[in-house]
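J.: Encoded as structure tokens, here's the structure I'll be asking about.
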Amino acid sequence: MVIVKLKGGLGNQMFQYATAYALAKSIKSSVYIDKSFLEKRGQTNSYTLRNYELGKLSLTTPRFVNRYKLMLLKLKSKLNTYLPSKLKFSVTFQTYTDQEFEKLSTLRYPQKGLIYLDGYFQTEDFIITQRDELLSQFNVRQKLDSVNSKLIDNIIKENSVSIHIRRGDYVTNTEAGAFHGVCSLAYYKSAIEIIVNTIEAPSFYFFSDDLEWVKKEINVPGRYKTTYVDNNQNENQFDLLLMSKCKHNIIANSSFSWWGAWLNQNSTKTVIAPGKWFAMKNELDSNIIPSYWIAIN
């Protein structure tokens, strides 16, 4: 059994579930979701707590683990280290963080017992083997409205390029901002220049939690069509879908726009990503951007 702890927004939850799903498939096991962390409310000093968001997607019958049962399993596993063999509980409980799971992935997966994943797992290395199944499971469950249907029609017809600008708590939460950082205007200027120099007649679609700031600060040469997508303020899964339908992507240092680009099935896509993902030094930084994307600073 593989149990995954969910934390963060939709993009982070997708990374966590995808990693657990791929692991479970490799050892012929099942995935259970621990959403107890998400049931806390409010904002901490370092990050914003979120709600369960995977229900917006077409997951294959998600299973949830009861928090009290989980606490009991952890307790039994811990007690086993102190009990003599004849009194040990028949349960093993192994917890893996990002760094521990990365080491595990190069060795042999444990075939028995409970595996508990507690991390962010922001890399395609863990999930690429299950890409086709994840493409299916990460479809939007809800039917599109007329506005989004029209947007997708245009996106498919044009040389569409999504541009995602993440601000939100990266700006309003001091500690979150210090850890993640906000992509610079120079980054977006360089990314747009790459697109206009390599893609014929691109059409730009902007996605952001602060579109008014984007309209004032980020400029696209006037000869190119520009669309600001502002109709999905409370339904971010539709923005994710729209980004994935664009032929090319300029992403922020955001797991949300990472998934928009990764779910893009255009075989000739250009994806431009920030070469420095975290403002603070982080040893996982180098694993986030796939080698076939363009990383710039």
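A short reminder: the numbers here are calculations on the coordinates, not readings from a lab. These figures come from a predicted structure and were not determined experimentally. Cβ: placed from backbone, ideal geometry, glycine included. Neighbour counts: every protein chain shown.
J.: Choose one answer from 124, 102, 217: the residue with the largest mean-square fluctuation in a GNM of the chain with alpha-carbon springs under 10 Å.
T.: Greatest mean-square fluctuation among the candidates belongs to 217.
J.: Also, quick follow-up: Over the residues of the stretch 146-296, compute the C-alpha Rg and express it relative to 2.2 N^0.38 Å.
T.: 0.99
J.: Of the listed pairs 5/28; 7/189; 245/269; 189/216, which have alpha-carbon separations greater than 22 Å here?
T.: Working: 5/28 20 Å; 7/189 32 Å; 245/269 11 Å; 189/216 14 Å.
From the list (5/28; 7/189; 245/269; 189/216), the Cα-Cα distance tops 22 Å for 7/189.
J.: Picking from 14, 75, 251, whose Cα lies most toward the positive end of the charge dipole for the chain (charges on Cβ: Lys, Arg +1; Asp, Glu -1)?
T.: Going by the charge dipole, the pick is 75.
J.: What does the highest-first list of 247-254, 183-190, 202-209 look like by mean Cβ count within 10 Å?
T.: Ranking the peptides 247-254, 183-190, 202-209 by packing returns 247-254, 202-209, 183-190.
J.: Placing +1 at every Lys and Arg Cβ and -1 at every Asp and Glu Cβ, with all other atoms neutral, what dipole size does the chain have around its Cα centre, in debye to the nearest 20?
T.: On the way: 37 positive and 27 negative charges, 256 e Å.
Its charge dipole is roughly 1220 debye.
J.: I've got another one for you. Pairing the Cα long axis of helix 10-26 with the longest principal axis of the chain, what angle in degrees results, from 0 to 90 and rounded to the nearest 10?
T.: 50
J.: Using just the helices of the chain, give the 222 nm mean residue ellipticity in deg cm²/dmol: DSSP H runs with n ≥ 4 each add -39,500 (n - 2.57), and the total is spread over all residues, rounded to 500.
T.: -10500 deg cm²/dmol
J.: By per-residue mean of other Cβ atoms within 10 Å, what is the highest-first order of 58-65, 72-79?
T.: By packing density, highest mean first, the sequence is 72-79, 58-65.
J.: So what's the angle, to the nearest 10 degrees on a 0 to 90 scale, between helix 67-79 and the longest Cα principal axis of the chain?
T.: The helix 67-79 is inclined about 50 degrees to the chain.
J.: Per residue, how big is the convex hull around the C-alpha atoms of the chain? Give it to me in cubic angstrom, could you?
T.: Here the figure is 142 Å³ per residue.
J.: Using the 10 angstrom Cβ neighbour count as an exposure proxy, how do 17, 32 rank, fewest first? Show your work: numbers first, answer last.
T.: On the way: 17 24, 32 20.
Ranked by crowding around the Cβ, least crowded first: 32, 17.
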